[in-house]
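S.K.: I'd like to ask you about the structure that follows.
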Amino acid sequence: MLGLFDLTLLWGNLSVSLLVIVAAAGLVPMLSLPQALLAIVVGALAGNLLLGLAGAVGADARVPGMVLLRAPLGRRGSYAPTVLNVAQNLGWSTFELIIISSAAAALSDRVFGFRERWLWALLFGAISLGLGLMGPIGFVRRYLKKFAVWAVAASIAYLTWWVLDKADLHALWRQDGTGGVSLGQGVDLVIASIVSWTPLAADYTRFARGRRSAFFGTGIGYLLPTVWCLGIGTLLVLSRDLSEPTQIPNVVASGSVLAVLALVMLTVDESDEAFADIYSTAVSIQNILPRAPQRLLIAIVAATATAGAIVIDLGNYLTFLFLLGSVFVPLLAVLLADWLMRGAHYAERDIFDGPAVRWERLAAWVVGFAVYQWLSPQGPHWWTSLVEHTSPGHARLTASLPSFAVAFGLTLLAAWIDSRRAATRSRREPLARPR
């Protein structure tokens, strides 16, 4: 079992990522530095509260995340988020391997004179596969505690000094944003980067010793490093005039020898995030194909993500983040509301003996998604072109929280109606029995 310290280390390590750092390119220079920092703090607090709650529900139910969704959505109803979660995890693991291989290629170009990004993608894909085969408990105890946590702490400490040493904080603080992104959209971006982990939370917190350790280990463990990494990223983008996420590893690799060493350690640690995405993809698939061997699925997913990292560009990363927020924020609202209405506890029968589909909860999820998209259309160009003319432009405040509130409220209403129906049936049943 994993205790509070284990879970804090796990989620803290997962939150320290080059992809978190490069996400700052979606905040600045469009927002000013004070606005970006405000968006980071507000979004991180909101997102990690939701992530901690998702972890607590997972520790209560003791089943993987997609199996857990059978309780609010029904067995077949859980297949819809399962397919989406598999898609997002494949996307994340591919993005992770792209950024890892880009960083490694920048390093090898400086030291050895060759880039060969595809070769680094193959290497780190193999490392992620090995970590995935360890499983969560083996990963924490055999890899994270013994090596990764120390490497990431040292790399982040030096990288922080290196960024601050090159930044004119006074001038950056007074610099205006260029526009194009509102404060509310900045908050949504931060929330989306965190909430994308909520469908995976139960995959790891089902091994927790209790709900309290799962809530605090997940929520607090992911909170502080996320704020720190996004803060570093904003200063790095502003002080180095970067415009593309993949430029960040190249800039760090061009620094001092110690900066290069920090990037090496951070690049190796990045495999942890790829491990989590690959492992959770395999576990999610088992919700639909329970007899499929987990180790075989892990190998297939790792191979697919590695191939994607070789042929795909990172250009749509930020659009991908916003789209995930519109899907998984209202889904989490449905799960939390249903769990609370059952007394903040899921029994085995709630998960495995329910109806095939709970249409009212599915409808609440869809309506929450529609509210998010109405306030802030996200996704491919053909979709945003279709729906953005309906948007009232209120997303300056945030689209995540209204989407969550609507889905949460509709699920509470559906649960209340179900309870009234059950009470009515129980009163009528004795009258229907023969004397």
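S.K.: Based on the Cβ-Cβ distance from V260 to W118, what FRET efficiency comes out when R0 is 22 Å, to the nearest 0.05?
M.R.: 0.55
S.K.: Please arrange K145, K166 by accessible surface area, largest first, computed with a 1.4 Å probe and ligands excluded.
M.R.: Heavy-atom accessible area, descending, gives K166, K145.
S.K.: Ok, one more. For the chain, modelled as a Gaussian network with Cα springs under 10 Å, which listed residue fluctuates most, F215, F352, F114?
M.R.: Judging by the Gaussian network model, the answer is F114.
S.K.: Find how much the distance from I300 to L169 grows on full extension, using 0.36 nm per residue of separation minus their present alpha carbon separation; answer in nm with one decimal.
M.R.: Gain in length upon complete extension: 42.5 nm.
S.K.: Same structure, new question: Using the heavy atoms of the protein chains and a 1.4 angstrom probe, tell me the accessible area per residue for the stretch 249-366 in square angstrom.
M.R.: That works out to 40 Å² for each residue.
S.K.: Per residue of the chain, what 222 nm ellipticity follows from adding -39500 (n - 2.57) for every DSSP H run with n ≥ 4, rounded to the nearest 500?
M.R.: My calculation for the chain gives -24500 deg cm²/dmol from helical runs alone.
S.K.: Next question, about the same structure. So how compact is the stretch 39-158: Cα radius of gyration and Dmax in angstrom?
M.R.: Radius of gyration, then largest Cα-Cα span, for the stretch 39-158: 18.4, 55 Å.
S.K.: Taking θ = phi - 60°, what integer Hz values does the Karplus form 6.51 cos²θ - 1.76 cosθ + 1.60 yield along the stretch 326-332, in sequence order, with x for Gly and Pro?
M.R.: Ordered by residue, 3J(HN,Hα) equals 5, 8, 8, 5, x, 5, 5 Hz.
S.K.: Another question about this same structure. Within the stretch 155-278, what whole-number % of the accessible surface is contributed by carbon and sulfur, with the 1.4 Å probe and all protein chains included in the calculation?
M.R.: Ligands and nucleic acids excluded, carbon and sulfur reach 61 percent.
S.K.: Considering the Cα positions of the stretch 153-300, please state its Rg to one decimal place and its Dmax as a whole number of Å.
M.R.: Spelled out, the Cα radius of gyration and Dmax of the stretch 153-300 are 18.9, 59 Å.
S.K.: Which value, in nm² and rounded to one decimal, describes the direction-averaged projected area of the C-alpha convex hull of the stretch 103-189?
M.R.: 9.7 nm²
S.K.: Build a GNM of the chain with springs between Cα atoms under 10 Å: which of A407, A23, A259 gets the top mean-square fluctuation?
M.R.: Its mean-square fluctuation being the largest, the pick is A259.
S.K.: Step through the residues of the stretch 336-351 one at a time and calculate ³J(HN,Hα) from phi using the Karplus curve (6.51 cos²θ - 1.76 cosθ + 1.60, θ = phi - 60°), rounding each to whole Hz and writing x for Gly and Pro.
M.R.: Karplus values, whole Hz, x for Gly and Pro: 5, 5, 5, 5, 5, 5, 9, x, 6, 7, 9, 7, 4, 5, 5, 8.
S.K.: Taking every pair of distinct Cα atoms and averaging 1/r, then inverting, what Kirkwood hydrodynamic radius in Å comes out for the stretch 1-106?
M.R.: Across the stretch 1-106, the inverse of the average 1/r is 16.6 Å.
S.K.: Fully extended, how many nm does the chain gain between R427 and E388 (0.36 nm per residue separation, minus their Cα-Cα distance)?
M.R.: Full-extension gain reported as 9.1 nm.
S.K.: Expressed as a whole number of Å, what is the distance separating the alpha-carbon centroids of the stretch 255-290 and the stretch 192-207?
M.R.: Using only Cα atoms to place each centre, the spacing works out to 15 Å.
S.K.: Using amide H atoms built 1.01 Å from N in the peptide plane, name the residues 5+ places from A208, or on other chains, whose amide H lies under 5 Å from its own.
M.R.: For A208, the qualifying residues are L2.
S.K.: Same structure again: Does the stretch 134-238 come out rounded, prolate or oblate, given a ≥ b ≥ c as the square roots of the eigenvalues of its C-alpha gyration tensor, rounded meaning a/c under 1.5 and, failing that, prolate meaning a/b above b/c?
M.R.: Oblate shape, in that a/c is at least 1.5 and b/c is the bigger or equal ratio.
S.K.: Through the Karplus equation 6.51 cos²θ - 1.76 cosθ + 1.60, θ set to phi - 60°, convert the phi angles of the stretch 285-299 into ³J(HN,Hα) values in whole Hz; use x for Gly and Pro.
M.R.: 4, 5, 5, 8, 10, x, 8, 5, x, 5, 5, 5, 4, 4, 5
S.K.: Specify the inter-centroid distance of the stretch 398-430 and the stretch 82-116, based on alpha-carbon positions, in whole Å.
M.R.: Distance between centres, Cα-based: 43 Å.
S.K.: Can you check how the C-alpha radius of gyration of the chain compares to 2.2 N^0.38 Å, as a plain ratio?
M.R.: Dividing the Cα Rg of the chain by 2.2 N^0.38 Å gives 1.00.
S.K.: Right, something else. Send over a whole-number figure in Å² for the accessible area per residue of the stretch 14-167, probe 1.4 Å.
M.R.: Per residue, the stretch 14-167 has an accessible area of 34 Å².
The values are calculated or read from the model by the stated rules, or taken from the named source; none is laboratory data. Since the structure is predicted, the reported quantities are computational estimates derived from the model, not experimental observations. Cβ atoms come from the backbone with ideal geometry, glycine included; neighbour counts cover every protein chain shown. What goes into the accessible areas is simple: the full protein's heavy atoms, side chains included, and nothing from ligands, DNA or RNA. Shrake-Rupley method; radii C 1.70, N 1.55, O 1.52, S 1.80 Å.
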